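Worksheet: one structure, shown below.
The values are calculated or read from the model by the stated rules, or taken from the named source; none is laboratory data. Note that the structure is a prediction, hence the values are computed from the model and not measured. As a convention, Cβ positions derive from the backbone with ideal geometry for all residues, glycine included, and neighbour counts pool all protein chains shown. When the accessible area is computed, the model is the full protein with side chains, heavy atoms only, and any ligands, DNA or RNA have been set aside. Shrake-Rupley method; radii C 1.70, N 1.55, O 1.52, S 1.80 Å.
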Amino acid sequence: MAATSTTATVTPLLIHLLRGATDHASVAATHAKLLKVGTASAVSSCNHIIAAYCRCGVTARAHDLFDGMPERDVISWTALMSGYSSTGRPRLAVSLLRDMSHSGVPPNAFTFSTAVSACARLADAGLGRKVHARAEVEGYASDAVVATALIDMYGKAGDVETARAVFDGMAAPARNAVSWGSMLSVYAQNALGREAIQLFAEFRTKSNFMAPNHFMLSSVVNACAGVGRLGVGKSVHGTVLRFGHGCNGVIVVGLVDMYSKCGFYEYSRKVFDRIEHPSVICYTSIIVAAAKYGLGRCALTFFNEMIDRDVLPNSVTLLGVMHACSHSGLVDTGLHLLHSMQSKYGIHPCASHYTCAVDMLGRAGRLEEAFELANEAQVEGRDALMLWSSLLSACRTHRRLDLATRAAHRVSEFNQDVAGALVVMSNAYTSAGQTDNAAAVWSNMRRRGIQKDPGCSWIEIKDIPYVFYAGLVSPAGARAGEVMMLLDELEGKMREKGYKGGLGSTRVFDAHEEDGEDGKGEMVGVHSELLALGFGLLVTPKGMTIRVMKNLRMCCDCHDAFKLISDIMEREFVVRDLNRFHHFKMGSCSCNDYW
């Protein structure tokens, strides 16, 4: 009787120790004590031991124990599945669900959510659909936990439509902050920022005043950064502060990134300056922001500050510093960092570091050195394509057709994502007067089915984005005619100041936006950034900075036009293109024509 009483007293204490154990030795020792008191074979005790071994990553020992159990319940199966999923063996976790169907033990909602999460780790929508179908048969697909896991799984597998269908199929009362946040994350992860913002607006009106959690707010902030929605981003920042998430590290980093990508570097700096103890991620975010604005010296100051604070940089931090050097002409500083990062910080240069270094040398016109480094760098696949495309663009900028041809030969070895580079090569031939070769490049592109992405620009007016494409002024609505009249008037004033480009006439191909017929250089209409600018000049108050976002690199003609118009209209413009920000003021640009 006394022994039974002692066992009843000791066992709960040992189970409590198991729950708090974080290392293999502690789990094994507690397991041994349970064996000694004779309760280790009980199903509940075995379940706790399996979960503890899995938590420490010792799944082999957990599986041995599982195999030796005379009787298993749903918790036994689910615990082992969770262990395999969390230790990087998600396929084994899903296979346990199949084995479970033959054991006579029915799965529950947590079993299915664990299996679905394993499919999410694999980003395998096909396998996930099989688990989804089984959950439907067992009646658990509508469970809030399972449905939320399904949304996450389909999102990670890139099947946004099915993820939204699962979300829409949830009963309104079953949608909690986690399920809303999961759907928002799906949109943000799949670069569907506008949809994420729309869903957040829907959440605010349909969630019965449910408070947004920090995961949800982080996703919306990232969505605003992706599409350059400053107005919405400011509103979300207010929501962050109102609900007490202003010190959340993930959100703060997102805000730094969001403000910088929306053309407000000074706001990024203010958010960063309020962080008491910046982590490496915080420093990396502000360094990358400074790099995008061509503030090389500022980025280096942040970098030196973090080193002085004993905050060790990571690979992305060093890449950000190198980008800052590249966009500021600090070539030797950037190269020194490339060659010393292994010895100083224990970080081996990766393909991105070499691509940045090649780009840095190319911008500075040191093309022979860039070619030498490109040939030395051991990069393959998409990394190699980016490296040689960057070098090709530099050769075209510096009018080195001989080297451009060599770089283009390397680019032509690839079959995907080469349209931009081939257009650059065509333009290089056109600039050199070799129109036959330019036409041959376009002919080759048509034969291979390669199409160039259309350039577009957008401007946000009173929280509403207006998206313009080359030659299409229709987004301006009833004011479309006024936009064209204003640009025509500005072109005349620009010519008086020596402008030799053309805003809306046939012109030689530039680098990206010229959608000419069959590569013959026929331009129809005005470039998208100029249409967005013209509209902005009409509808914004005098003195307000106009911010334009663009999906491709800004061409030289438009860059010159923006400088002149900023002087003529006495206005400031901020343009975010594919590579960086340009701040135009009083006839000059913050990039100092180095981009």
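What's the carbon and sulfur percent of the stretch 29-151's accessible surface, probe 1.4 angstrom, rounded to a whole number? Write down the numbers at each step before the final one.
Values: 2940 of 5420 Å².
It is 54 percent, rounded to a whole number.
Short-range pairs are left out: with C-alpha atoms under 8 Å and at least six residues apart, the relative contact order of the stretch 230-357 is 18 percent.
Protection proxy ranking, highest mean first, for peptides 296-309, 175-188: 175-188, 296-309, where packing is the per-residue count of other beta-carbon atoms within 10 Å, averaged.
Note on the stretch 139-289: dipole from Cβ charges, positive end direction compared against Phe209, Val166, Tyr267; the farthest Cα belongs to Tyr267. Which one, Cys46, Met494, Leu531, is farthest towards the positive end of the dipole of the chain when Lys and Arg carry +1 and Asp and Glu -1 on their Cβ? With unit charges placed on the Cβ atoms, the residue in question is Cys46. With respect to the chain, whose longest principal axis is taken over its alpha-carbon atoms, helix 381-397 is tilted by about 20°. Highest average first, the peptides 75-85, 557-567 ordered by how many other beta carbon atoms sit within 10 Å of their residues are 75-85, 557-567. Summarising the label geometry, the points placed 7 Å from Cα in the beta-carbon direction at Ser343 and Leu241 lie 4.8 nm from one another.
Where Lys and Arg each count +1 and Asp and Glu each count -1, what net charge lies around Glu202 among other residues with Cβ under 14 Å from its Cβ? Please report the intermediate quantities before stating the final value.
Values: positive: Arg164, Arg175, Arg194, Arg204, Lys206; negative: Asp168, Glu195.
With Lys, Arg at +1 and Asp, Glu at -1, the neighbours total +3.
Computed over protein heavy atoms with a 1.4 Å probe, the carbon and sulfur contribution to the accessible area of the stretch 170-300 reaches 59%. For the stretch 289-399, a Kirkwood radius taken over Cα pairs fed into Stokes-Einstein (4 °C, viscosity 1.567 mPa s) yields D = 92 µm²/s. Over the chain, DSSP H runs of length four or greater, each weighted -39,500 (n - 2.57), average out per residue to a 222 nm ellipticity of -20500 deg cm²/dmol. The packing ranking of peptides 102-115, 321-334, highest mean first, is 321-334, 102-115, where packing means the average number of other beta carbon atoms within 10 angstrom of each residue. Comparing Gly104, Gly83, Tyr154 along the charge dipole axis of the stretch 81-155, the residue lying farthest to the positive side is Gly83, per the Cβ-charge model.
Give me the 1.4 Å probe accessible area per residue for the chain, excluding ligands and nucleic acids, in Å².
Numbers: 27420 Å² over 595 residues.
Using a 1.4 Å probe on heavy atoms only, each residue of the chain averages 46 Å².
Just so you know, the averaged projected area of the alpha carbon convex hull for the stretch 52-175 sits at 7.4 nm². Look at where the Cα atoms of the stretch 150-194 and of the stretch 263-303 average out, and the two centres are 32 Å apart. In angstrom, the C-alpha Rg and Dmax of the stretch 295-340 are 9.9, 28.
Built from the Cα atoms of the stretch 223-359, the convex hull projects on average onto 8.1 nm², one quarter of its surface area.
For Glu266 and Cys556, the FRET efficiency from 1/(1 + (r/R0)^6), where r spans their Cβ atoms and R0 equals 22 Å, is about 0.20. The magnitude of the dipole of the chain, with charges of +1 and -1 set on the Cβ of Lys/Arg and Asp/Glu and taken from the Cα centre, is near 920 debye. D by Stokes-Einstein for the stretch 25-118, Kirkwood Rh over Cα pairs, 37 °C, 0.692 mPa s: 249 µm²/s. Please say if the stretch 113-172 is rounded, prolate or oblate, where rounded means a/c under 1.5 for a ≥ b ≥ c the square roots of the C-alpha gyration tensor eigenvalues, and otherwise the choice is prolate for a/b larger than b/c and oblate otherwise? It is oblate, given that a/c is not under 1.5 and a/b is not larger than b/c.
Using only the Cα atoms, work out Rg/Rh for the chain, with Rh taken as the Kirkwood radius, to two decimals. Write down the numbers at each step before the final one.
Values: Rg = 29.3 Å, Rh = 27.8 Å.
Value, to two decimals: 1.05.
Between the C-alpha center of the stretch 351-408 and that of the stretch 234-256 there is a gap of 40 Å. The convex hull around the C-alpha trace of the stretch 107-215, projected and averaged over every direction, spans 6.3 square nanometres. The alpha-carbon of Lys36 sits under 15 angstrom from the alpha-carbon of none of the aspartates and glutamates, leaving out residues fewer than 8 places away in its chain. Using a cutoff of 8 angstrom between alpha carbon atoms and counting only pairs six or more residues apart, the relative contact order for the chain works out to 6 percent.
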